[in-house]
Structures are given as structure tokens and as C-alpha cells.
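Notes for the one structure printed next.
The values are calculated or read from the model by the stated rules, or taken from the named source; none is laboratory data. On a predicted model such as this, the values are computed, not experimentally measured, just so you know. Positions of Cβ are backbone-derived with ideal geometry, glycine not excepted, and every protein chain shown enters the neighbour counts.
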Amino acid sequence: MEEYVQKVKAEIEGLHQFFTEWFNGKLEESSFARVENALHRDFELVTPRGEHFNRDEILTLIRNAKGTDPQRKIWTEFVSCKRVDNIAIALYYEMQEQGDKQTRRLSTAVFTIGTSLKWLHVHETWAD
């Protein structure tokens, strides 16, 4: 597996682990820098419902969700990754469990590759 693929896979897994711990209320406020540093200044997210969020909007939503769901579990299953110049495009499944409810989405993530990876764009589709 190429080095950039390993880095992308680790970043996807690491950020989703952060989300689990953040929503569960297990992290200190200072750890929010993890997600702030990961998202490119031009980051955008399209949810499975077709909602569109820019970086500032999604950071506000995530920050306000700290500790709101102590039982939520989030995990990923890596599918593939391609690279074109300084851009990586990854495909992965994201699963979430909230009590008795489990959801599954197929996500496409675009990263910039430089001294560090930055999330540039995510588009999610329901995969249930």
C-alpha cells in the first residue's frame, strides 16, 4: 500500500474516532483543534439528506454537539484511494450506531496532500 494511502486511511479512521469521543463527551475542549486543523479553509460537506455546509458551519455544529450523545459509536471501513497530483480521493463506508439505530453511508472524501493532509470536500450517500 502506497504511503499516501496509509496516511489517508489513518486520517479517516482518526477523525471518526475523534467524532465518537467528542460526541460521547470524553474529550477536553482543547482537543477541538484536532478537527479545526484537519479541515481545509475551503472545506465543504454534503450530507446524505442533501444539506450543504461550509467549514465554519460544520465546525459550529460539531463544537455544539460535544457530549450530546454519550452512546454514539462511529466507525469506518476503508474502500479505496486514488491520487492525482496533490489531491487524494478516498471512498469509505461510515457506520453510526445510536442506541438501537444503525446507519451506513458511503462517503467520498477529497484531500489536499502537502506537509499534512487536509479534508477539502466530503459527499455522503445513504448506503442502507
> Hey, among the residues in the stretch 38-50 that are of a type outside the set (Val, Ile, Thr) and touching a residue at least 24 places away in the same chain (Cβ under 8 Å), which one's surrounded by the fewest Cβ atoms within 10 Å (Cβ to Cβ)?
Replying inline: Asp42
>> Looking at Ala90, Ala10, Ala33, can you tell me which residue is modelled with pLDDT of 95 or more, among the small types (Gly, Ala, Ser), closer than 23 Å to Thr115 by Cβ and surrounded by 15 or more Cβ atoms within 10 Å (Cβ to Cβ)?
In response: Ala90
> Considering the stretch 65-87 alone, what residues qualify as being touching an Asp or Glu at 6+ places or on another chain (Cβ under 9 Å), closer than 16 Å to Asn24 by Cβ and either surrounded by 11 or more Cβ atoms within 10 Å (Cβ to Cβ) or in contact (Cβ under 8 Å) with a residue 60 or more places away in the chain (or both)?
Replying inline: Lys66, Arg72, Lys73, Ile74, Trp75
> Got a number for residues in the stretch 89-122 being touching a residue at least 40 places away in the same chain (Cβ under 8 Å), among the aliphatic types (A, V, I, L, M) and farther than 12 Å from His40 by Cβ?
Replying inline: 1
> Checking Ile62 against (1) in contact (Cβ under 8 Å) with a residue 24 or more places away in the chain; (2) within 20 Å of Glu77 (Cα to Cα); (3) buried (at least 16 other Cβ atoms within 10 Å of the Cβ), which single condition isn't satisfied?
Replying inline: (2)
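Name the residues in the stretch 36-57 that are assigned to a helix (DSSP H, G or I) and either in contact with a helix residue (DSSP H, G or I) (Cβ under 6 Å, 6 or more places away or on another chain) or small (Gly, Ala, Ser) (or both), would you?
If the condition is that a residue be assigned to a helix (DSSP H, G or I) and either in contact with a helix residue (DSSP H, G or I) (Cβ under 6 Å, 6 or more places away or on another chain) or small (Gly, Ala, Ser) (or both), then Ala38 is the only one that fits.
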> Is there a residue being within 11 Å of Val8 (Cβ to Cβ), modelled with pLDDT of 95 or more and surrounded by 13 or more Cβ atoms within 10 Å (Cβ to Cβ) anywhere in the stretch 116-127?
Replying inline: yes
> What pairs come up if the first residue lies in the stretch 15-37 and is farther than 16 Å from Asn64 by Cβ, the second is of a type in the set (Gly, Ala, Ser), and their beta carbons are under 6 Å apart, counting only those six or more places apart or on different chains?
Replying inline: Leu15/Ala38
